[in-house]
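Visitor: One structure coming up, written as structure tokens, with questions to follow.
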Amino acid sequence: MTQIREAVDVLAAVRRIVFFTGAGISAESGIPTFRDKLSGLWAKHDPQRLETADAFRENPALVWGWYLWRRQQAMMAQPNAAHYSISRLAKAGWDVSVVTQNIDDLHERAGVDAVVHLHGSLLSAKCSGCHRPVALQTDQLSISKEGELVEPPRCNYCNGRTRPGVVWFRENLPGDAWLSAVRLVRTCDLLISVGTSGVVRPAADLPEMAIRANAAVIYVNLEDVSMGDEREIMLIGSAGQVLPELLTRLGVS
Ligand code: BJW
Ligand code: ZN
């Protein structure tokens, strides 16, 4: 409880806040996280089989089908109290930015205008040959069951296979997104990390970057993911409970 009071004091004193979010913020919307042992996506699927460029080359129909299924899951999900708390804070006058590792669009649907997507988006696609962005027609987004094989559409220019517009392991993050994130983090007063295990780099370096720039860091997570710096505050609990509680204590309606 002292931690939450400390967090409220910090929030009341700052202006520029960066929310750095991961899969845990969408968990209460029904979208599974990656690494939680019981419910995580990878508890059932081997990421090497589905979420790498090699996997796509070897079995494009399986990987494309998997992302169609996840896209559908994300489209059916609704933003939760944590997503809405972030937009309420922005409307209440704080200078709020969101840098997310998530490929869903729940921040946008909760009313945040400019979201930096470090790992791409389920709503985008590109050609795996010439890398041109591909606009998908609705009939190319047919309903897919988990595990269903669906042939990806071919590029109009080079006949390459269309791939999801997401960042797989060993791929570089979109340069513009990474630069925006670094700029925001280096100039913020406070970074609030919500629902990320902080193991995937380079995104995982952002909280430390904030500390080095003299910002405070608050973590909201089911478990302790802090690094032990004195500028960090760890709030253990679910994002859908902790963030609204912070707003209530701050007097933000
Ligand atoms: C709650 C909650 C609730 C639950 N409330 N909290 C060795 C070999 C090869 C590469 C590397 C290597 N060592 C390091 C690397 C680099 C690699 C990396 O970091 N690997 C580590 C795993 C070791 N990184 C990369 O490859 C990146 N690119 C790169 O570095 O390029 C340079 C390079 C070039 C050539 C060679 C090597 C490097 C790219 C990373 C791309 C990550 N992509 C994914 C998939 C995206 C598409 C998709 O979704 O399918 O991004 S992986 C996956 O992890 C996804 C996520 O965005 C990302 C982060 O996960 P996140 O969000 O933290 O989720 P979880 O599940 O881990 O955590 C959830 C948390 O929420 C938990 O803490 C819960 O407690 C909490 N929680 N419910 C609050 N209700
Ligand atoms: Zn192409």
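Visitor: Would you please state the base-10 log of I(q)/I(0) at q = 0.16, 0.25, 0.30, 0.33 1/Å for the range 207-253, with intensities from the Debye formula using one equal scatterer on every alpha carbon?
Guide: Relative scattering, expressed as log10 I(q)/I(0), comes to -0.50, -0.91, -1.02, -1.09.
Visitor: Check Ala125: other-chain or 5+ apart residues with amide H under 5 Å from its amide H, H built from backbone geometry?
Guide: Val134, Gly165
Visitor: While we're here: Using only Cα atoms, locate the centre of the range 180-253 and the centre of the range 39-82, then give the distance between them in Å, rounded to an integer.
Guide: If you average the Cα positions of each part, the centres end up 26 Å apart.
Visitor: Using a 1.4 Å probe over the heavy atoms of the protein chains, calculate the carbon and sulfur portion of the accessible area of the chain as a whole percent.
Guide: 50 percent
Visitor: How large is log10 of I(q)/I(0) for the range 33-130 at q = 0.25 Å⁻¹ when the intensity is taken from the Debye formula with one equal scatterer per alpha-carbon?
Guide: Relative scattering, expressed as log10 I(q)/I(0), comes to -1.39.
Visitor: For the chain, what is the accessible area per residue in Å², given a 1.4 Å probe and the full set of protein chains?
Guide: 50 Å²
Visitor: Something else now. Hey, any idea what Rg/Rh is for the range 125-198, computing Rh the Kirkwood way over Cα pairs?
Guide: That ratio equals 1.10.
Visitor: So what's the Cα pair-distance distribution over the range 164-229, bin width 5 Å, in %?
Guide: 4, 16, 25, 24, 17, 11, 3, 0
Visitor: Let me know the number of lysine pairs in the chain closer than 29 Å at the Cα, not counting same-chain pairs under 8 apart.
Guide: Taking the Cα cut-off of 29 Å, the pair count is 4.
Visitor: Here's a follow-up. Over the alpha-carbon set of the chain, divide Rg by the Kirkwood Rh and report the Rg/Rh ratio to two decimals.
Guide: Using Cα coordinates only, the ratio equals 0.99.
Visitor: For the chain, give the magnitude of the charge dipole about the Cα centre (Cβ charges: +1 Lys/Arg, -1 Asp/Glu; no others), in debye to the nearest 20.
Guide: Values: 26 positive and 28 negative charges, 113 e Å.
So the magnitude is around 540 debye.
Visitor: For the range 1-56, build the charge dipole from Cβ charges (+1 Lys, Arg; -1 Asp, Glu) around the Cα centre, then report which of Trp42, Val8, Ala53 sits farthest towards its positive end.
Guide: Val8
Visitor: Related question: Of Cys130, Val166, Leu235, whose Cα points farthest to the positive end of the dipole of the chain (charges on the beta-carbon: +1 Lys, Arg; -1 Asp, Glu; origin at the Cα centre)?
Guide: Ranked along the dipole, the leading option is Cys130.
The values are calculated or read from the model by the stated rules, or taken from the named source; none is laboratory data. Computed from a prediction, not measured in an experiment: that's the story for all the values here. Counting neighbours? That spans all protein chains shown, and the Cβs are built from the backbone with ideal geometry, glycine included. What goes into the accessible areas is simple: the full protein's heavy atoms, side chains included, and nothing from ligands, DNA or RNA. Shrake-Rupley method; radii C 1.70, N 1.55, O 1.52, S 1.80 Å.
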